[in-house]
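The values are calculated or read from the model by the stated rules, or taken from the named source; none is laboratory data. A quick note: this is a predicted structure, and the numbers were derived from the prediction, not measured. Here the Cβ positions follow ideal geometry from the backbone for every residue, glycine too, while neighbour counts run over all protein chains shown.
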Amino acid sequence: MHQATLPFGTLSDGRRANLYLLSNDSGMTVGVSDLGADLVLVRVPDRHGNRPDVLLGYDSAAGYKVNGPDFGAIVGRCANRIAQASFKLNGVSYHLTANEGPNNLHSGPHMYFQRLWTHRVQASNDSVAFELTSEPNDQGFPGSLKIAVNYRLDESNALEISYDAQPSEATIVNLTCHAYWNLNGHASGSALGHTLMLDSDSYTPPNEENIPTGEIRKVDGSVFDFRKKRSLASGLGARYDHNFLLAGAYEHRLQHAARLEGDLSGIALDISTDAPGLQLYTSEYLDVARGKDGVAYGKGAGVAIETQFPPDAIHHKNFPQPIFTPEHPFHSKTIFSFSQN
């Protein structure tokens, strides 16, 4: 296992961002930055003897500082949507910023991926860790939150992301990595020919504002049934932006959640997590003129599979609840395992 540190650009206030590279002896390289604790590069061997970068993103910190699509971002304090940009917790009302119509998306503005995190030195070359303190009332949420995110790469080409967050009082915590995958390579165009399998028999139907109605609906006989692998193009194509509940949604246990397979590269990605669900987003609104290597990313260019609590869970008590306290801190783990199919 090898580790290296490279400059990644200078921010407008003069602070410098770094890129930390983890490389194993099996041909995989992962790049993460202290800007946002973002995942910015994932190179894996394909069946043709190449090592494509299968992650959409930007070439430097300048792109990630803006990052409209949230490429590779660690999203928090609460990923996904909160209806009416407000919620009540322990009898107190809290108000967030409405940044998607009347609702709040990904806790913006002043998102975690726009902040420079503290790099924490690790004893081993196989991992990189970052820390961030979210102060009381940050983004409108109660209490402070001390966050640690650790990336670990092993020789089997598995990338583990672990999250730990200690709140000072009861608050919402729903952290995820907003990676966009194209297993044919980030510059290969559409990812809608990929096949997907999900270990999920139910999803949370959204209304016209993409807020869950509160119903938990079975996927049987619908375009949301991925229990047997099929291509994304055979369903809604680029129009998936839906949350699925996993088989162990209420048990907080590590389980296999999804398998994504590249149709040209032969690269397969298996995702395991202890999160209760995942958001499947196939980039319907993606429109980036200049990504990595100057490549333009359009609709359907990447597939985001974000392990998390259901959107707007705070308003739907039948959903798994992302409420954490000093006595019950947030711990979560997601593993991205790469192979050739």
So, of the residues in the stretch 316-334 that are part of a loop (DSSP other than H, G, I, E, B) and under 28 Å from Arg217 (Cβ atoms), which turns out to be nearest to the chain's Cα centre (by Cα)? Pro322
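State yes or no: is Tyr240 in contact with a His (Cβ under 9 Å, 6 or more places away or on another chain) and among the aromatic types (Phe, Trp, Tyr)? Can you show your working first?
Numbers: in contact with a His (Cβ under 9 Å, 6 or more places away or on another chain): no; among the aromatic types (Phe, Trp, Tyr): yes.
Taking the combined requirement at face value, the residue does not satisfy it.
Take the residues in the stretch 273-299 that are hydrophobic (A, V, I, L, M, F, W, C) and under 16 Å from the mean Cα position of the chain (by Cα); name whichever of them is farthest from Ala61 (Cα to Cα). Walk me through how you get there before you give the answer.
Taking the stretch 273-299 and keeping what is hydrophobic (A, V, I, L, M, F, W, C), we get 275, 278, 280, 286, 288-289, 295-296.
When the remaining residues are screened for being under 16 Å from the mean Cα position of the chain (by Cα), the result is 275, 278, 280, 286.
Numbers: Ala275: 29, Leu278: 27, Leu280: 26, Leu286: 19 Å.
Selected residue: Ala275.
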Which listed residue, of Gly68, Gly27, Gly63, Gly57, is in contact (Cβ under 8 Å) with a residue 40 or more places away in the chain, crowded, with 24+ Cβ neighbours inside 10 Å, of a type outside the set (Ser, Thr, Tyr) and outside any strand (DSSP E or B): Gly57
Could you tell me whether any residue of the stretch 295-313 is surrounded by fewer than 24 Cβ atoms within 10 Å (Cβ to Cβ), charged (D, E, K, R), touching a residue at least 60 places away in the same chain (Cβ under 8 Å) and part of a loop (DSSP other than H, G, I, E, B)? yes
Counting only residues that are under 24 Å from Leu105 (Cβ atoms) and not hydrophobic (A, V, I, L, M, F, W, C), how many does the stretch 147-163 have? 1
Qualifying residue in the stretch 38-56 (condition: under 20 Å from Gly302 (Cα atoms), in contact with a helix residue (DSSP H, G or I) (Cβ under 8 Å, 6 or more places away or on another chain) and not aliphatic (A, V, I, L, M)): yes
Scanning for something farther than 25 Å from Phe338 by Cβ and hydrophobic (A, V, I, L, M, F, W, C), does the stretch 43-65 turn up at least one residue? yes
With respect to Ala17, determine if the residue is under 15 Å from Glu160 (Cα atoms) and either in contact (Cβ under 8 Å) with a residue 24 or more places away in the chain or assigned to a loop (DSSP other than H, G, I, E, B) (or both). no
List pairs: first in the stretch 144-160 and at positive phi, second among the charged types (D, E, K, R) and in a strand (DSSP E or B), Cβ under 9 Å, 6+ apart or cross-chain? none
Of all residues in the stretch 82-117, how many are surrounded by fewer than 24 Cβ atoms within 10 Å (Cβ to Cβ), in a strand (DSSP E or B) and in contact with a strand residue (DSSP E or B) (Cβ under 9 Å, 6 or more places away or on another chain)? 11
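Within the stretch 267-283, is there a residue that is in contact with a helix residue (DSSP H, G or I) (Cβ under 7 Å, 6 or more places away or on another chain), closer than 17 Å to Leu55 by Cα and either free of Cβ contacts under 8 Å to residues at least 12 places away in the same chain or of a type outside the set (Phe, Trp, Tyr) (or both)?
Applying the first criterion (in contact with a helix residue (DSSP H, G or I) (Cβ under 7 Å, 6 or more places away or on another chain)) to the stretch 267-283 yields 282-283.
Then drop every residue that is not closer than 17 Å to Leu55 by Cα, which leaves 282-283.
From what's left, either free of Cβ contacts under 8 Å to residues at least 12 places away in the same chain or of a type outside the set (Phe, Trp, Tyr) (or both): 282-283.
Within the stretch 267-283, one or more residues are in contact with a helix residue (DSSP H, G or I) (Cβ under 7 Å, 6 or more places away or on another chain), closer than 17 Å to Leu55 by Cα and either free of Cβ contacts under 8 Å to residues at least 12 places away in the same chain or of a type outside the set (Phe, Trp, Tyr) (or both).
Being among the small types (Gly, Ala, Ser) and crowded, with 21+ Cβ neighbours inside 10 Å is the filter here, so list the residues in the stretch 144-172 that pass it.
The initial filter retains those residues of the stretch 144-172 that are among the small types (Gly, Ala, Ser), namely 144, 148, 156, 158, 162, 165, 168, 170.
The answer is Ala165, and nothing else.
Sort through Arg51, Arg16, Arg43 and tell me the only one that's modelled with pLDDT of 95 or more, basic (Lys, Arg) and under 26 Å from Thr133 (Cβ atoms).
Values: Arg51 fails: under 26 Å from Thr133 (Cβ atoms); Arg43 fails: under 26 Å from Thr133 (Cβ atoms).
Arg16 is the lone residue from the list that is modelled with pLDDT of 95 or more, basic (Lys, Arg) and under 26 Å from Thr133 (Cβ atoms).
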